[in-house]
Amino acid sequence: MRTSQPRTIYLSEYRVPAFLVDHVDLRFELFENGARVHSTLTVRRNPEYPGVAEHLELDGDSLKLESVSLDGIELGADRYQDQGDKLVVQAVPDKFGLNVVTWIEPQNNTRLEGLYKSSGMFCTQCEAEGFRCITFFPDRPDVMARFRTRVEADREKYPVLLSNGNDVDRGELADGRHFVTWEDPFPKPCYLFALVAGDLVLKQDTFTTCSGRDIDLRIYVEARNAAKCDHAMDSLKRSMRWDEEVYGREYDLDIFMIVAVDDFNMGAMENKGLNIFNSSCVLASPETAADTAFQRIEAIVAHEYFHNWSGNRVTCRDWFQLSLKEGFTVFRDAGFSADMGSPTVKRIEDATLMRTAQFAEDAGPMSHPVRPSSYMEISNFYTLTIYEKGAEVVRMIHTLLGPELFRKGSDLYFERHDGQAVTTDDFVKAMEDASGRDLGQFRLWYEQAGTPLLTVRDDFDSEAGIYRLTIEQAIPDSPGQTSKNPQHIPFALGLLGADGTDLPLRLFADENDAPSERVLELTAARHEFEFHGLSERPVPSLVRGFSAPVRVDYPWTREQLIFLMNHDGDGFNRWDAGQRLAVDVIQALIRGDEEGVDERLVEAYRSLLSDPSLDQALVAKMLQLPSEAYLVELADSADAQAIHGARTRVLDCLAQALRGELLECYRRNGDDGSYQLTPEAIAARSLRNTALSWLLHIGDREACGLAQTQFQDAGNMTDRMGALRALVNSCFVTEREAALNDFYQCWQDDPQVVEQWFSVQAASLQAGTLNHIRELLAHPAFDWKNPNKVRSVIGVFAGQNLAQFHQADGSGYIFLAEQVCRLDDSNPQIAARLVSPLTRWRKFAEPYGGKMKQALASVRDKEGLSKDVFEIVHKSLK
Ligand code: 0A1
Ligand code: ZN
């Protein structure tokens, strides 16, 4: 067991840095057995620091110190202390040059933080605290310096040598080595530093900015991936244009580079001028990547590019402000994706992620505010709350201010804080100053954790023609926070008349030209609104477009939900009504309140399937039943097997009753041979694959034949994978095995496709999947050192395969605990992410909850637990 508890860091302890670094000169000597890093810092005292710091303290991690010199004179060991995680240089002058030489071993770096090797190339990951694994440095985002970086390596093995900014010098060295020097003119925190050295090919393009500057765009990949860069390049150019048009942001360097690496802990990283991407988030071709991957790539390329302003030009003062850059940038990439595709579908996807996973996080042991006030390990705080809820908070500011004032606010924010490291409060202040609105109470969204619950009740006075709506808000307690104050919530509302049209929302009896949609602003624990001049009781359409990240409790009848599914003027709420109806039906089965599946659900799905005049992109989404994870989230005490059983029954019933419509839908949405990424084409593929999977779910022979043909003939991965997934989850054993073998034979040399092959098996509904998972871990293509492989097998099994993971004997949990312990020794960040399904043990009924807790305790008791896993496990067992 870990003997000492890791230290907790508090926001309240923030102090400005004692020393500032104006300039960093780095020289990397890269070898096969390690790397020598020469770092020269130009340091001065920070005039804003209260008091006098005698010693300079620099952060370090896993470094071998070779020498320390001050103003050119090597210091004796009596002038500094190497404390492992700190280098303390004593009695320093007000201004000085400090040279530090360290030796590191990138080839043995399995944590993938700092400088490491991936498929033979050197690469870096410095956010949040990886730079300290490269050299001693004040590793905090409010120390911003200009970097000059010289990279030296063997010319043949590493012909491409990259770092941030512009290349200013290059040349030959002895012993077949060469160097390139890079200079980044923009001061930046060290978490944005990057270096790459490898044998890479280049895909090149140009972009002309709004002011007429030509930017050199480069995507570097291994030669075998050269044909998979087009989509990322197109996405990059679209992002650059969009940011100019929508936010007035122009790119600032002459060159913008992206590098794809196979071993990466996260999706991608926004290093200044040199973004580094997980291969799976940048490489795609129609033959190898499904629609979801194409969309993810477009969004992530945009996200990283947008960080150039929201994150790099204006950065975070400290890591408690992480959502300053992440929430805002996710909001920006969501706007971009909405504009590139279907805004309603994008909103449905974002709201689904929020309601399924972020609400769960916010109700669990790791719940924290968008601006947390303490942490042990910052890597654990790259969460859905910081990213997705943070984006929802920015979105609410956009809703409250309207697009023009919001843009004024973002202009002011960028202008006021360019080149600075600031706080979420500075962001809100810029929005207030530009708009004249008071966002004082709104700031609670950053400070209070937990999902507000809105209880909505209504009443119709037919004589007076008045419809009354009362709305109460309550925010549940969360770790360290009780008795919360009401938050400022934008509540978008419509009222539907019997003919399905939106009624005017008259807040006064004599209000003329009342709008048919309003954003009510909730600020108190209870509000009552009156709507006048109504001749009939309306059906309310609440929180349209998911205008706030809240839960809504309103006693809709199934008739009302069906009515909203057909008529709501808000596409999002049409979808939402369908989800609520399906949830209601499934929950009634779980409780045993109803014997069979409500016919009205079947009929509602029948009309969706058979009316091609409906928006097919929306229909494709409406046909997806609520996920098991969402049903768990909605339950007070979740019985995983009961949830899976009830949902499966509904699927069975729908597929049996709608067999004809499904076959017809499949045929109508046949592949026309072209591969397009329009909302319509994506919807058609989604519809045909949904139809196929439903039909195979009920063991339909004819559909099995269709799936086999589709599997063989598919011109793209969406359809090939759609057919494979349907077969894998069907009762057709021989066909399933044949397809899986075929697929592997065909694609075994492509890691991104092999990851999909692993995932489809890890998500399999077949009994005995756990045994199969153990076999997959022994498969030659599985690699413990590669996070994507680990995620595609263990992550998918524990995070997405409810029925197979939650076995009553606890075998799934014991399995996960074992793998987490194993991974913790090599890659703590990945281990900490993987353990998260177990942390939700309180949510599950017995015997599940107790056994999950036991498995968690076994992880807690592991010898030498990392800080990352320690924090999560201890907070979850409290
Ligand atoms: N800032 C990146 C994501 C990222 C975060 C942390 C990392 O290491 C702990 C790596 C990447 C983004 O938002 O895209
Ligand atoms: Zn980001």
- Between region 340-392 and region 414-438, what is the C-alpha centre distance in whole Å? 22 Å
- Work out Dmax and Rg for region 1-198 from the C-alpha atoms and quote the Rg first, both in angstrom. 17.1, 53
- Task: Express in whole angstrom the spacing between the alpha-carbon centres of region 117-192 and region 542-588.
- Result: 52 Å
- Task: Give me the Kirkwood hydrodynamic radius of region 534-631, using the inverse of the mean 1/r over all pairs of distinct Cα atoms, in Å to one decimal.
- Result: 14.3 Å
- Counting pairs of alpha carbon atoms under 8 Å apart in space and at least six apart in sequence, what relative contact order in percent does the chain give? 9 percent
- Message: Once you order the gyration tensor axes a ≥ b ≥ c over the Cα atoms, which shape class does region 621-700 get: rounded for a/c under 1.5, otherwise prolate or oblate by comparing a/b with b/c?
- Response: oblate
- Note on the structure: Residues other than Leu217 with Cβ under 11 Å of its Cβ, Lys/Arg counted +1 and Asp/Glu -1, net out at -2
- Item | Mean Cα-pair separation over length for region 314-446, i.e. relative contact order, pairs under 8 Å, 6 or more apart, % | 37 percent
- Message: Can you find, among Ser535, Pro504, Gln487, the residue sitting farthest towards the positive end of the charge dipole of region 453-555, where Lys and Arg contribute +1 and Asp and Glu -1 at Cβ?
- Response: Gln487
- Note on the structure: For region 123-270, the percent of all C-alpha pairs falling in each 10 Å bin, from 0 up to the bin holding the max distance, is 10, 34, 40, 15, 1, 0
- Taking chymotrypsin sites (Phe, Trp or Tyr not before Pro) as exposed when in a DSSP loop with at most 14 other Cβ atoms inside 10 Å, the chain has its longest clean stretch at 15-507
- Task: Please list, or write none, the aspartates and glutamates whose alpha carbon is within less than 13 Å of the alpha carbon of Lys484, excluding same-chain residues fewer than 8 places away.
- Result: Glu447
- Task: Could you calculate, for region 393-466, the ratio of the Cα radius of gyration to the Kirkwood radius, expressed as Rg to Rh?
- Result: 1.19
- Message: Checking the cross-link filter: which lysines have an alpha carbon closer than 18 Å to that of Lys878, excluding same-chain neighbours under 8 positions apart?
- Response: Lys843, Lys851, Lys853, Lys862, Lys867
- Point-to-point label distance, Glu244-Leu453, nm (Cα→Cβ direction, 7 Å offset): 5.1 nm
- Note on the structure: Projected onto their principal axes, the Cα atoms of region 388-547 stretch, largest extent first, over whole-Å spans of 61, 38, 23
- Surrounding charge for Lys117, neighbours by C-beta under 12 angstrom, Lys/Arg +1, Asp/Glu -1, total -2
- Message: Only sites in a loop by DSSP and with at most 15 other Cβ atoms within 10 Å count here; which GluC sites (Glu not before Pro) in region 423-469 make the cut?
- Response: Glu463
- Message: Test of understanding: express the Cα radius of gyration of region 286-366 as a ratio to 2.2 N^0.38 Å, with N the residue count.
- Response: 1.24
- Any idea which of Ile258, Phe844, Thr208 is furthest toward the positive side of the dipole for the chain, if Lys and Arg beta-carbons carry +1 and Asp and Glu beta-carbons -1? Phe844
- Query: Rg/Rh for the chain: what does it come to with C-alpha atoms and Rh from Kirkwood?
  - Reply: 0.97
- Note on the structure: The lysines whose Cα lies under 18 Å from the Cα of Lys157, excluding any fewer than 8 residues away in the same chain, are Lys117
- Item | Cα gyration tensor shape of region 812-868, rounded if a/c is under 1.5, else prolate or oblate by comparing a/b with b/c | prolate
- Message: Using the Cα centre of the chain as origin and beta-carbon charges of +1 (Lys, Arg) and -1 (Asp, Glu), tell me which of Asn573, Pro372, Ser337 is placed farthest towards the positive end of the dipole.
- Response: Pro372
- Query: Where a ≥ b ≥ c are the square roots of the eigenvalues of the C-alpha gyration tensor, would you call region 453-555 rounded, which needs a/c under 1.5, or, failing that, prolate if a/b is larger than b/c, or oblate?
  - Reply: prolate
- Task: Report, in debye and to the nearest 20, how large the dipole of region 556-698 comes out about its Cα centre when Lys and Arg carry +1 and Asp and Glu carry -1 on their Cβ.
- Result: 400 debye
- Query: Angle between the Cα long axis of helix 848-860 and the longest principal axis of the chain, 0 to 90 degrees, nearest 10?
  - Reply: 0 degrees
- Query: How long are the three semi-axes of the equivalent ellipsoid for region 194-323, computed from the Cα gyration tensor as the root of 5 times each eigenvalue, in whole Å, largest first?
  - Reply: 22, 18, 15
- Can you give the convex hull volume of the alpha carbon atoms of region 724-878 per residue, in Å³? 102 Å³
- Query: Dipole size in debye (nearest 20) for region 1-198 around its Cα centre, Lys and Arg Cβ +1, Asp and Glu Cβ -1?
  - Reply: 260 debye
- Item | Estimated dipole of region 612-661 in Debye, rounded to 20 [Cβ of Lys and Arg +1, of Asp and Glu -1, Cα centre] | 200 debye
- Based on the alpha-carbon gyration tensor of region 314-446, what equivalent-ellipsoid semi-axes (square roots of 5 times the eigenvalues) come out, in whole Å, largest first? 22, 20, 13
- Message: Please compute one quarter of the surface area of the Cα convex hull for region 556-698 and express it in square nanometres.
- Response: 8.9 nm²
- Most exposed to least, judged by fewest other Cβ atoms within 10 Å, Cys704, Cys133 sort to Cys704, Cys133
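Where a number appears in this text, it was derived from the coordinates with a stated rule and is not lab data. Note that this is a predicted model, so its numbers are computed, not measured. Because the Cβ atoms are built from the backbone with ideal geometry, glycine has one as well, and the counts that use them run over all protein chains shown.
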